[in-house]
Amino acid sequence: HWGYGKEDGPSVWHNNYPVAQGNRQSPIDIIPQQASHDPSLGPIVLNYDQCTSTNISNNGHSVVVEFDDSDDRSVIQGGPLDNPYRLKQFHFHWGGKGCHGSEHTVAGNSYASELHLVHWNAVKYRTFGEAAAAPDGLAVLGIFLETGDDHRWLHTITDALYMVKFKGSVTDFKRFNPKCLLPSSLQYWTYLGSLTTPPLHESVTWIVLKEPIIVSDKQMGKFRLLLFSGEEEDQRKRMENNFRPPQPLQGRKVRSSN
Ligand SMILES: COc1cc(C[n+]2ccc3cc(OS(N)(=O)=O)ccc3c2)cc(OC)c1OC
Ligand SMILES: [Zn+2]
């Protein structure tokens, strides 16, 4: 199976997932000066108010908050998107103590962590899996986390992490509205890419916010109490550095909202 270690990490994923060497892989290094400003790019609109989070779990790669995506209560639309895309889950990628762990980088600089809100095109496709295999199936909103002061609302998530320490653990996590994790500006970069973990499907319209949110070292430290390993495994492997490094741009254009 795949992971983030020396033997099973991003450098060998192509053995089982050849698309890893495809021409629209993610993440990428975003170079702001090379992004083309596109006045036709409208603002992104997030309707998360009826948000319907269901549970929080440790899938052995990250911590994931799932949503009930049986209707259009939580959607993202506008910007580069032709349809509303339905929120399915969000999860994080982070580094080791004091190291950086974001997936996208900005002019070669990485942030402490990166939050991904994963949405699927329920107008054109019947299921997430079907959408995940289609070039316009998914839209992932990426938000950088930078260390500084405590984040007022991230506690709701970090306080629940002890309940999902081991791979395969899941617990109820209701009525969490991810709107509280957004920065003040929704200015973004957008480009066509892929899932950043296997199966690495090239089905993602990426929308990466320019403004990071600020979280404390202490809050980031709680993510590192999670384990890649299951309760029954004898070696405990701390969950950290669960990020894929930037991939070749392959001639793609990154567009910038104004
Ligand atoms: C619910 O069904 C699926 C769940 C998943 C779980 N999954 C796996 C990998 C993912 C990688 C992701 O990559 S990221 N880091 O770019 O956001 C996002 C969501 C993911 C969700 C994958 C599927 O097919 C690809 C599914 O359809 C069969
Ligand atoms: Zn991700």
Quick check on the stretch 67-78: of everything there that is of a type outside the set (S, T, N, Q) and surrounded by fewer than 20 Cβ atoms within 10 Å (Cβ to Cβ), which residue is nearest to ligand 1 (Cβ to nearest atom)? D68
For the stretch 180-197, enumerate the residues that are within 16 Å of ligand 1 (Cβ to nearest atom), small (G, A, S) and assigned to a loop (DSSP other than H, G, I, E, B). S194
Need a quick list: strands (runs of 3 or more DSSP E) entirely within the stretch 1-89 having at least 3 residues that are touching a His at 6+ places or on another chain (Cβ under 6 Å), at pLDDT 95 or above and closer than 18 Å to P135 by Cβ. none
Is at least one residue of the stretch 232-246 closer than 29 Å to Y125 by Cβ, among the charged types (D, E, K, R) and assigned to a helix (DSSP H, G or I)? no
Looking only at the stretch 108-135, and only at residues there that are surrounded by 14 or more Cβ atoms within 10 Å (Cβ to Cβ) and polar (S, T, N, Q), the one that is farthest from V215 (Cα to Cα): N121
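When the residues of the stretch 88-136 are filtered to those that are away from ligand 1 (no atom under 12 Å from the Cβ) and among the hydrophobic types (A, V, I, L, M, F, W, C), which remaining residue is farthest from the chain's Cα centre (by Cα)?
V123
Under the condition of being outside any strand (DSSP E or B) and buried (at least 24 other Cβ atoms within 10 Å of the Cβ), which residue from the stretch 91-103 is nearest to ligand 2 (Cβ to nearest atom)?
E103
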Could you please tell me which pairs satisfy a Cβ distance under 8 Å, a separation of 6+ or placement on different chains, a first residue in the stretch 70-94 that is within 14 Å of N177 (Cα to Cα) and touching a residue at least 24 places away in the same chain (Cβ under 8 Å), and a second residue that is of a type in the set (G, A, S) and within 16 Å of ligand 2 (Cβ to nearest atom)? I76/A139; H91/S62
Looking at S185, S113, S194, can you tell me which residue is over 20 Å from F223 (Cβ atoms), within 16 Å of ligand 2 (Cβ to nearest atom), at pLDDT 95 or above and in contact with a strand residue (DSSP E or B) (Cβ under 9 Å, 6 or more places away or on another chain)? S194
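Could we say that V204 is of a type in the set (A, V, I, L, M), more than 16 Å from ligand 2 (Cβ to nearest atom) and at pLDDT 95 or above here?
When the stated conditions are applied, V204 does not pass them.
The values are calculated or read from the model by the stated rules, or taken from the named source; none is laboratory data. Computed from a prediction, not measured in an experiment: that's the story for all the values here. FYI the Cβ positions are ideal-geometry reconstructions off the backbone, even for glycines, and counts take in every protein chain you see.
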